[in-house]
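Visitor: One structure coming up, written as structure tokens, with questions to follow.
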Amino acid sequence: MFDFSVIAGSTARSIIERGRKQIVQEVRETYLTHAAGESVNPDSYFLRFPEKPESRIIALPAYLGGKVGVAGIKWISSFPGNIDFGFPRASAALLLNNYETGYPFALLEASQISAARTAASAVLAAEVLSGGRSAGKLTVVGAGIIARNILEFFAAQEWSVGTVVVHDTNPEYGQALADHASKELGYQAATEQDLSAALAGADVVVLATTVGEPYIVAPDAFAPGQLVLNISLRDIGPEIIGGSYNVVDDVEHCMKANTSPHLAEQLYGNRDFVTGTLADVIEGRAAVGTDRPVVFSPFGLGVLDLAVGALVYRSAVAAGEAIDIPDFFTETTRW
């Protein structure tokens with residue numbers, strides 16, 4: 001009951017690398033558990049800094065029931081300025097709590113977990129919304145860690161991809177991701193500096209940037225039937241959202257913080273443009289067509305971090321890779 005362990009990032013990464021298929025399944029089950037009302041997922045809390053408006057630290061508390069039965073909180077920072085110094089913008093820690101007693105039992109380095117749950121969610125959505133595991137052209141906009149993880153999950157799910165096209169405002173980053181897709185994942189890959197050319201003809205588009213305002217605003221930016229994984233949430237203008245099938249992870253959560261769907265809600269004064277949640281599509285309560293673009297916008301639910309974090313914790317303990325902290329709790333009796 002009073003055991004406490006730490007899971008290092010290297011351990012989490014190793015477990016994720018050998019368990020991507022299982023993580024996609026865990027994410028799928030978590031969406032269904034959440035849709036069934038067996039979870040508690042409060043609003044995220046954003047800690048912002050007056051002198052650093054581009055930076056933030058976010059608290060995501062949650063409880064995931066079903067087979068997991070764990071509470072916890074992810075504390076994740078996003079400091080885009082880190083990129084200028086050559087290291088990742090995001091860092092995170094995940095604390096897991098025992099549901100029966102409330103006692104925390106594990107602390108995990110969570111940037112790997114956060115990236116994995118985001119990537120698994122994206123690839124799961126691509127499979128559900130496209131009805132298969134193939135794309136003649138897969139375009140990735142933004143060549144950071146999230147984009148890399150998404151491509152790794154596509155490969156783990158054995159997607160057949162004709163060409164991976166990478167667009168990034170920094171050609172060096174774009175080439176690095178294209179090289180990774182080619183050399184490490186076995187995909188034919190290339191970079192494209194012109195955004196319109198990168199988007200044209202793509203069966204699947206992955207948006208994984210750090211932008212704060214829409215820059216894809218042309219009404220014909222996306223073609224009917226094109227699947228857009230709106231992972232960074234703020235790339236797309238609200239008018240495009242209004243003319244698309246829109247699938248989200250959670251409607252209430254997605255209508256916040258000036259995401260593209262939130263901007264559409266403000267523009268139209270309603271949520272009629274929302275087709276449904278990914279769980280709705282999985283369970284047949286909603287469907288998408290090919291006469292309009294299909295946009296998946298996941299706000300990112302804390303329950304997903306708990307699901308993947310619990311999996312990583314269990315795997316680390318079973319493999320003897322968890323770092324135990326003896327006597328972490330000094331008072332274990334009332335008297």
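The values are calculated or read from the model by the stated rules, or taken from the named source; none is laboratory data. The shown structure was predicted, so the numbers you read here are calculated from the model rather than taken from an experiment. In this analysis, Cβ positions are derived from the backbone assuming ideal geometry, glycine residues included, and neighbour counts consider all displayed protein chains.
Visitor: Could you check how many residues of region 113-127 are within 10 Å of ASN149 (Cβ to Cβ) and either β-branched (Val, Ile, Thr) or assigned to a strand (DSSP E or B) (or both)?
Guide: Taking region 113-127 first, the residues within 10 Å of ASN149 (Cβ to Cβ) are 114-120, 122-123.
Those left that are additionally either β-branched (Val, Ile, Thr) or assigned to a strand (DSSP E or B) (or both): 118, 123.
Within region 113-127, residues that are within 10 Å of ASN149 (Cβ to Cβ) and either β-branched (Val, Ile, Thr) or assigned to a strand (DSSP E or B) (or both) number 2.
Visitor: What residue, of PRO171, PRO219, is in contact with a Gly (Cβ under 8 Å, 6 or more places away or on another chain), surrounded by fewer than 15 Cβ atoms within 10 Å (Cβ to Cβ) and without any contact (Cβ under 8 Å) to a residue 40 or more places away in the chain?
Guide: After applying the criteria, what remains is PRO219.
Visitor: Can you pull out the helices (runs of 4 or more DSSP H) entirely within region 230-308 that have at least 3 residues that are more than 24 Å from GLY37 (Cβ to Cβ) and modelled with pLDDT of 95 or more?
Guide: 238-242, 260-268
Visitor: Among the numbered conditions (1) of a type in the set (Gly, Ala, Ser); (2) assigned by TED's automatic domain parsing to the domain that holds ILE282; (3) touching a Pro at 6+ places or on another chain (Cβ under 7 Å), tell me where SER121 comes up short.
Guide: (2)
Visitor: Using the structure shown, decide if ALA122 is buried (at least 22 other Cβ atoms within 10 Å of the Cβ), over 22 Å from SER315 (Cα atoms) and not β-branched (Val, Ile, Thr).
Guide: yes
Visitor: Inside region 128-157, can you point out the residues that are part of a helix (DSSP H, G or I) and among the charged types (D, E, K, R)? Step through it out loud before you land on a result.
Guide: Filtering region 128-157 for residues part of a helix (DSSP H, G or I) gives 128-130, 145-156.
Within region 128-157, ARG148, GLU152 meet the criteria.
Visitor: Additional query: Return only the number of the condition from (1) under 19 Å from the mean Cα position of the chain (by Cα); (2) outside any helix (DSSP H, G or I); (3) of a type in the set (Lys, Arg) that ARG28 does not satisfy.
Guide: Answer for ARG28: the failing condition is (2).
Visitor: Which members of region 18-45 meet the condition of being touching a residue at least 12 places away in the same chain (Cβ under 8 Å) and charged (D, E, K, R)?
Guide: Answer for region 18-45, where residues must be touching a residue at least 12 places away in the same chain (Cβ under 8 Å) and charged (D, E, K, R): ARG20, LYS21, GLU26, ARG28, GLU29, GLU38, ASP43.
Visitor: So, in region 174-193, of the ones that are out of contact with any Asp or Glu (no Cβ under 8 Å at 6 or more places or on another chain) and within 11 Å of VAL141 (Cα to Cα), which residue ends up surrounded by the most Cβ atoms within 10 Å (Cβ to Cβ)?
Guide: Looking at the filtered set, the residue picked out is GLU192.
Visitor: Could you say whether any residue in region 144-163 is more than 20 Å from the chain's Cα centre (by Cα) and buried (at least 21 other Cβ atoms within 10 Å of the Cβ)?
Guide: Yes, because at least one residue in region 144-163 is more than 20 Å from the chain's Cα centre (by Cα) and buried (at least 21 other Cβ atoms within 10 Å of the Cβ).
Visitor: Something else now. Are any of the residues in region 90-112 in contact with a helix residue (DSSP H, G or I) (Cβ under 8 Å, 6 or more places away or on another chain) and either closer than 26 Å to PHE222 by Cα or part of a helix (DSSP H, G or I) (or both)?
Guide: yes
Visitor: Return the residues of region 309-326 that are within 11 Å of PHE105 (Cβ to Cβ), of a type in the set (A, V, I, L, M) and not in a loop (DSSP other than H, G, I, E, B); say none if nothing qualifies.
Guide: ALA310, VAL317
Visitor: If you don't mind, there's one more thing I want to ask. Could you tell me which numbered condition ARG56 fails, if it satisfies all but one of (1) at pLDDT 95 or above; (2) in the same structural domain as GLY19 (by TED's automatic domain parsing); (3) touching a Phe, Trp or Tyr at 6+ places or on another chain (Cβ under 7 Å)?
Guide: With (1) at pLDDT 95 or above; (2) in the same structural domain as GLY19 (by TED's automatic domain parsing); (3) touching a Phe, Trp or Tyr at 6+ places or on another chain (Cβ under 7 Å) applied to ARG56, the lone miss is (1).
Visitor: Here is a list: VAL24, VAL68. Which entry is at pLDDT 95 or above, within 16 Å of LEU96 (Cα to Cα) and of a type in the set (Val, Ile, Thr)?
Guide: The unique qualifying residue is VAL68.
Visitor: Could you tell me whether SER244 is polar (S, T, N, Q) and within 30 Å of GLY72 (Cβ to Cβ)?
Guide: It is false that SER244 is polar (S, T, N, Q) and within 30 Å of GLY72 (Cβ to Cβ).
Visitor: Does ASP291 fit the bill of being of a type in the set (Asp, Glu) and without any contact (Cβ under 8 Å) to a residue 24 or more places away in the chain?
Guide: no
Visitor: Being farther than 15 Å from ALA310 by Cβ, surrounded by 18 or more Cβ atoms within 10 Å (Cβ to Cβ) and not assigned by TED's automatic domain parsing to the domain that holds ALA208 is the requirement here; does SER14 meet it?
Guide: Answer is no for this residue.
Visitor: Sticking with this structure for a sec: Condition first: part of a loop (DSSP other than H, G, I, E, B), in contact with a Leu (Cβ under 9 Å, 6 or more places away or on another chain) and closer than 23 Å to ARG133 by Cβ. Can you find one or more residues in region 204-214 that meet it?
Guide: Taking every residue of region 204-214 in turn, at least one turns out to be part of a loop (DSSP other than H, G, I, E, B), in contact with a Leu (Cβ under 9 Å, 6 or more places away or on another chain) and closer than 23 Å to ARG133 by Cβ.
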